[in-house]
Amino acid sequence: MKKILVTGGIGFIGSHTVVELQEKGFEVVIIDDCSNSDEKVLDGIEAITGKRPAFEKLDLKERDKVEDFFNRNTDVEGVIHFAASKAVGESVEKPLLYYENNIGTLVYILKELCKKNKASFIFSSSCTVYGQADKMPITEDAPVKVAESPYGNTKQMGEEIIADTCKVTPSLNAIALRYFNPMGAHPSAEIGELPVGVPQNLIPFITQTGIGLRDQLSVFGDDYPTSDGTCIRDYIYVVDLAKAHVVALERLLAGKNTENYEVFNVGTGTGSTVLEAIQSFERVSGKKLNYKIVGRRAGDITTAYADTTKANKVLGWKSEYSLDQAMKSAWVWEQKIRG
Ligand code: WQD
């Protein structure tokens with residue numbers, strides 16, 4: 001059984017990926033500092049897979065602890081690195097926190113992996129690196145735009161750090177996955193998204209409004225040049241996204257990668273407007289959603305959806321869930337956690 005370290009493994013995308021890894025027979029060890037996650041997620045993972053993954057509560061900013069972990073776990077063959085701070089607004093307020101959390105920790109992990117004879121590394125990147133792309137759908141060779149926030153910058157810099165390291169380290173093989181907009185929850189409703197405080201993202205705000213936790217959803221702008229005037233995003237089901245990590249990792253472990261640093265978009269290839277997302281919620285929940293149109297949100301781009309051809313052809317991966325199916329899973333989860 002191959003042993004894989006998943007940092008941030010009790011977070012939203014991390015926990016769904018741990019489930020898929022265990023279902024495929026990988027041995028998982030999780031590192032998480034619980035700064036934005038709850039240890040109870042381990043119960044959910046165990047309920048689904050019948051196996052509780054090894055877990056270490058550890059702060060990756062402490063370099064000696066990272067070194068010590070790898071010294072104790074010499075059999076780790078791959079790392080999926082989710083652990084990072086991800087609030088765009090907060091990153092503008094506290095840039096050094098973001099550079100330390102997202103860049104410092106990445107460097108420490110890569111330093112340890114460079115000591116190995118062979119190592120596989122999967123990095124959580126984001127479509128945010130494209131900014132407002134000139135052409136839709138967005139292919140991987142679309143230019144990376146100047147980041148709008150320190151958070152976005154950490155994803156761009158993170159990719160560059162990995163690329164530079166791979167150039168001089170043939171034993172290191174890495175893939176950056178550029179996520180579009182992850183959503184939904186595991187079909188079992190044992191794990192899902194657990195936003196802390198008022199959600200910044202659309203989907204948890206919709207489901208929390210639907211359940212009555214929030215009075216009203218504000219739709220940020222209906223004067224964009226789109227079919228209904230609201231922004232377009234590519235909402236990808238979290239289990240589909242989790243599976244993309246497993247196939248990317250398997251590609252590296254099997255030595256099937258053509259270069260030692262590769263980049264893939266992970267989306268559905270379909271864009272949906274904010275109003276379409278609301279309609280989807282109303283369809284699957286049978287409830288009317290209380291919303292109002294307000295002004296644009298600073299920093300929002302008009303349209304972003306993925307060209308998934310590269311992931312489809314090279315990884316043999318394709319998203320399976322529709323927006324409605326993913327929305328339904330988010331709604332079932334919301335009802336369960338508030339029940
Ligand atoms: C989606 C759409 C909003 C909330 C985020 C991250 C970004 C990247 C991708 C990680 C937009 C609208 C939202 C609300 C609304 N993630 N909206 N009312 O903007 O694509 O970006 O995911 O790397 O860094 O910030 O996602 O869910 O915030 O917004 O009308 O209350 O919903 O304007 O059009 P976004 P989102």
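The values are calculated or read from the model by the stated rules, or taken from the named source; none is laboratory data. Note that the coordinates shown come from a computational prediction; the quantities given were computed from them, not determined experimentally. Positions of Cβ are generated from backbone atoms using ideal geometry, with glycine treated the same way; all protein chains shown enter the neighbour counts.
Screening region 231-339 for helices (runs of 4 or more DSSP H) wholly inside it with 3 or more residues that are of a type in the set (A, V, I, L, M, F, W, C), more than 16 Å from the ligand (Cβ to nearest atom) and touching a residue at least 24 places away in the same chain (Cβ under 8 Å) returns the ranges 238-253, 323-338. When region 66-80 is filtered for residues that are farther than 11 Å from Val29 by Cβ, out of contact with any helix residue (DSSP H, G or I) (no Cβ under 6 Å at 6 or more places or on another chain) and surrounded by 15 or more Cβ atoms within 10 Å (Cβ to Cβ), only Glu77 remains. In region 124-140, the residues that are more than 11 Å from Tyr305 (Cα to Cα) and away from the ligand (no atom under 13 Å from the Cβ) form Cβ pairs under 7 Å with partners that are of a type outside the set (D, E, K, R) and not in a helix (DSSP H, G or I), at six or more places apart or across chains, as follows: Glu140/Val263; Glu140/Phe264; Glu140/Asn265. Of all the numbered requirements in (1) out of contact with any Ser or Thr (no Cβ under 9 Å at 6 or more places or on another chain); (2) within 22 Å of Thr17 (Cα to Cα); (3) not hydroxyl-bearing (Ser, Thr, Tyr), Ile236 misses one, and that requirement is (1). Can you name the residue in region 198-232 that is in contact with a strand residue (DSSP E or B) (Cβ under 8 Å, 6 or more places away or on another chain) and of a type in the set (A, V, I, L, M) and is also farthest from Tyr291 (Cα to Cα) among such residues? Going through the qualifying residues, I end up with Ile232. Of the residues examined, Ala119 is one that is away from the ligand (no atom under 14 Å from the Cβ), assigned by TED's automatic domain parsing to the domain that holds Val88, buried (at least 18 other Cβ atoms within 10 Å of the Cβ) and under 19 Å from Val79 (Cα atoms). Within region 194-227, the set of residues being near the ligand (Cβ under 6 Å from one of its atoms) and modelled with pLDDT under 95 comprises Gln200 only.
For every residue, the table says whether it meets (1) charged (D, E, K, R); (2) under 23 Å from Asp134 (Cα atoms); (3) in contact with a strand residue (DSSP E or B) (Cβ under 8 Å, 6 or more places away or on another chain).
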{"site": "Val239", "(1), (2), (3)": "no, no, no"}
{"site": "Ala242", "(1), (2), (3)": "no, no, no"}
{"site": "Ala248", "(1), (2), (3)": "no, no, yes"}
{"site": "Asn265", "(1), (2), (3)": "no, yes, yes"}
{"site": "Val274", "(1), (2), (3)": "no, yes, yes"}
{"site": "Tyr291", "(1), (2), (3)": "no, no, yes"}
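If you go through region 262-273 one residue at a time, do you hit one that is closer than 26 Å to Leu194 by Cα and of a type in the set (D, E, K, R)? No, there is no match, as no residue in region 262-273 is closer than 26 Å to Leu194 by Cα and of a type in the set (D, E, K, R).
Considering the conditions (1) touching an Asp or Glu at 6+ places or on another chain (Cβ under 7 Å); (2) in a strand (DSSP E or B); (3) small (Gly, Ala, Ser), Ala185 is excluded by exactly one of them, (2).
Output the number of the condition that Thr154 fails; it satisfies all remaining conditions of (1) assigned by TED's automatic domain parsing to the domain that holds Leu113; (2) of a type in the set (Ser, Thr, Tyr); (3) surrounded by fewer than 22 Cβ atoms within 10 Å (Cβ to Cβ). Exception for Thr154: condition (3).
Of note, Asn201 satisfies the criterion of being under 19 Å from Thr268 (Cα atoms), in contact with a Pro (Cβ under 8 Å, 6 or more places away or on another chain) and either of a type in the set (S, T, N, Q) or without any contact (Cβ under 8 Å) to a residue 24 or more places away in the chain (or both).
Test each condition in (1) crowded, with 17+ Cβ neighbours inside 10 Å; (2) away from the ligand (no atom under 16 Å from the Cβ); (3) free of Cβ contacts under 8 Å to residues at least 60 places away in the same chain for Ser171 and report the one that comes out false. Here Ser171 clears every test but (1).
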